[in-house]
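Working notes, structure below.
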Amino acid sequence: MTASRELGRSGLAVQPIAFGGNVFGWSADEKTSFALLDAFVDAGFNLVDTADAYSAWVPGNSGGESETILGRWLKHSGKRDKVVLATKVAKWAERPGLSADNIAAAVEDSLRRLQTDVIDLYQAHEDDESTPLETTLAAFGRLIEQGKVRAIGASNYSARRLRDALKVSEDYKLPRYETLQPEYNLYDRAGYEAALEPLVREHNVGVISYYSLASGFLSGKYRSAGDAAKSSARGKSVVDKYLNPRGLRILTALDDIAGKHGATASQVALAWLIARPGITAPIVSATSVTQLKDVLAAAQVALSAGDVAQLDAASADQA
């Protein structure tokens, strides 16, 4: 197993790949979810990320399904001590925003569904500019004081708002966001690298990137317009967004480097993220144990400086 990494300055140590729990109760039923979680932890990984809103978008679901399944697994498996448990608040219609009252109520709901006494990393799922940052951070601080939360993080924050939040934490002596969860992958680079990356590296904020494989595009699954049919849920949107000359350049570079390492395109794309300064653990999802084991092997792929340069050149906006 690779060396663990600290989430910001939280003291929480994680392996360099996180499991995205959005699939629990959506594309993975409870039995499959249990098998995936067992395989993830048994392979030596430990960071599991979910949210109270997962998976409210699925017909017949209302939200809370992912936390509920994860909680049942924690109780059934007895592996709570092997997991760094991360969840989120603010984006679910049932518990929207980052007011003090909402945070206080939402954490109790999440703790109950997760069947645990403490959430290791509690994240603001999205910014809430209608609530003062000091109010939100003070509410998170009370949860830490009460022993219900160990550390806090932010998801989908702009660089401006994250910088403001870090300053408020310092000025008011409040807990700070130890992690950021942005969209980031070998294709979607500019939004993170331009302003967020310098900020998180300056302040030693851990980064847990999502859409790490660009909704599956970086696996090489979509190489022609006809491949959109490979996923009824997102195939067309992936092809429309990524299947262009730049996307094809990236796939060619992934194929070339994967061949050198005896790896898959997915593994190389994840290894690029893992090697990126400032990235703590990219988030991956899987709906089968076979698929999960394939992506976890990315942690063992050691890219050379030349490999990284080749991928950087292929994914540059102008090349």
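Scalar couplings 3J(HN,Hα) for segment 286-291, obtained by applying the Karplus form with A = 6.51, B = -1.76, C = 1.60 to θ = phi - 60°, are 8, 10, 9, 5, 4, 4 Hz; x denotes Gly and Pro. Taken over the alpha carbons of segment 169-319 as equal point scatterers, the Debye sum produces base-10 log I(q)/I(0) values at 0.14, 0.15 Å⁻¹ of -0.69, -0.78. In segment 121-181, the inverse of the mean reciprocal separation of distinct Cα atoms equals 11.3 Å; this is its Kirkwood hydrodynamic radius. Annotation for segment 1-56 versus segment 174-231: alpha-carbon center distance of 17 Å.
Lys236 exposes around 130 Å² of accessible area when a 1.4 Å probe is run over every protein chain in place.
Taking 17 Å as the straight-line reach from the Cα of Lys88, the lysines in range (excluding those fewer than 8 positions away in the same chain) are Lys148. Averaged over its residues, segment 192-318 has an accessible area of 42 Å² per residue, based on protein heavy atoms and a 1.4 Å probe.
Phi angles across segment 204-220 convert, under the Karplus curve 6.51 cos²θ - 1.76 cosθ + 1.60 with θ = phi - 60°, into 3J(HN,Hα) values of 6, 8, x, 10, 10, 7, 10, 6, 4, 10, 6, 6, x, 4, 6, 6, x Hz, Gly and Pro given as x. Every Cα-Cα pair in segment 1-50 was counted, and those over 14 Å apart are 54% of them.
Restricting to Cα pairs below 8 Å that are 6+ residues apart, what does the relative contact order work out to for the chain? Please round to a whole percent. Don't skip to the answer; put the middle values down first.
Numbers: 606 pairs, mean separation 56.7, N = 319.
Contact order relative to length: 18 percent.
If one takes the longest principal axis of the Cα atoms in the chain, at what angle in degrees, from 0 to 90 and to the nearest 10, does the Cα axis of helix 265-275 lie? Computed tilt is about 50 degrees. Checked against a 22 Å cut-off, the cross-linked pairs Lys221/Lys293; Lys79/Lys293; Lys221/Lys260; Lys31/Lys221 give Cα-Cα distances beyond that limit for Lys31/Lys221.
Shape call for segment 88-221 from the C-alpha gyration tensor, a ≥ b ≥ c root eigenvalues: rounded (a/c under 1.5), prolate (a/b greater than b/c) or oblate?
Working: a/c = 1.98, a/b = 1.36, b/c = 1.46.
Cα axes put segment 88-221 in the oblate bin.
Given axes a ≥ b ≥ c from the Cα gyration tensor, I'd like to know whether segment 1-118 is rounded (a/c under 1.5), prolate (a/b larger than b/c) or oblate. Don't jump to the answer; show the numbers that get you there.
Numbers: a/c = 1.88, a/b = 1.26, b/c = 1.49.
Verdict is oblate for segment 1-118.
Taking a 1.4 Å probe, which of Trp26, Trp57, Trp73 shows the most accessible area, and what order do the others take after it? Before the final figure, lay out the partial values.
Working: Trp26 95, Trp57 120, Trp73 0 Å².
The ranking, largest first, comes out as Trp57, Trp26, Trp73.
For segment 274-319, pairs of C-alpha atoms spaced more than 18 angstrom apart make up 46 percent of the total.
In whole Å and largest first, what semi-axes does the C-alpha gyration tensor of segment 49-107 yield when each eigenvalue is scaled by 5 and square-rooted? Kindly include the intermediate steps, with their values, before the conclusion.
Values: eigenvalues 94, 48, 13 Å².
With the √(5λ) rule applied to segment 49-107, the semi-axes are 22, 15, 8 Å.
For Ile152, the residues whose amide H sits under 5 Å from its own are Tyr122, Glu178, ignoring neighbours fewer than 5 places away on the same chain, with H placed 1.01 Å from N. Between the alpha-carbon centres of segment 90-163 and segment 285-319 there is a gap of 32 Å. Once divided by 2.2 N^0.38 Å, the Cα radius of gyration of segment 235-292 becomes 1.26.
Based on the mean of other Cβ atoms within 10 Å per residue, sort peptides 262-270, 284-292 so the most packed one is first. List each step's numbers first, then the result.
Working: 262-270: 22.7, 284-292: 17.6.
The densest-packed peptide leads the list: 262-270, 284-292.
Can you bin the chain into rounded, prolate or oblate? Criterion: square roots of the alpha carbon gyration tensor eigenvalues sorted a ≥ b ≥ c, rounded for a/c under 1.5, prolate for a/b above b/c, oblate for the rest. Taking the square roots of the gyration eigenvalues as a ≥ b ≥ c, the chain is prolate. Relative to the longest principal axis of the Cα atoms of the chain, helix 100-114 runs at roughly 70 degrees.
How large, in percent, is the carbon and sulfur part of the accessible surface of segment 167-235 at a probe radius of 1.4 Å?
Details: 1530 of 3020 Å².
Ligands and nucleic acids excluded, carbon and sulfur reach 51 percent.
For segment 26-124, with all protein chains in place and a probe radius of 1.4 Å, 49% of the accessible heavy-atom surface sits on carbon or sulfur.
The values are calculated or read from the model by the stated rules, or taken from the named source; none is laboratory data. Please read these numbers as outputs of a predicted model, since none were measured by experiment. Please note: Cβ atoms are built from the backbone with ideal geometry, for glycine as well, and neighbour counts cover all protein chains shown. Remember, those area values only see protein heavy atoms, side chains included, never the ligands or the DNA or RNA. Shrake-Rupley method; radii C 1.70, N 1.55, O 1.52, S 1.80 Å.
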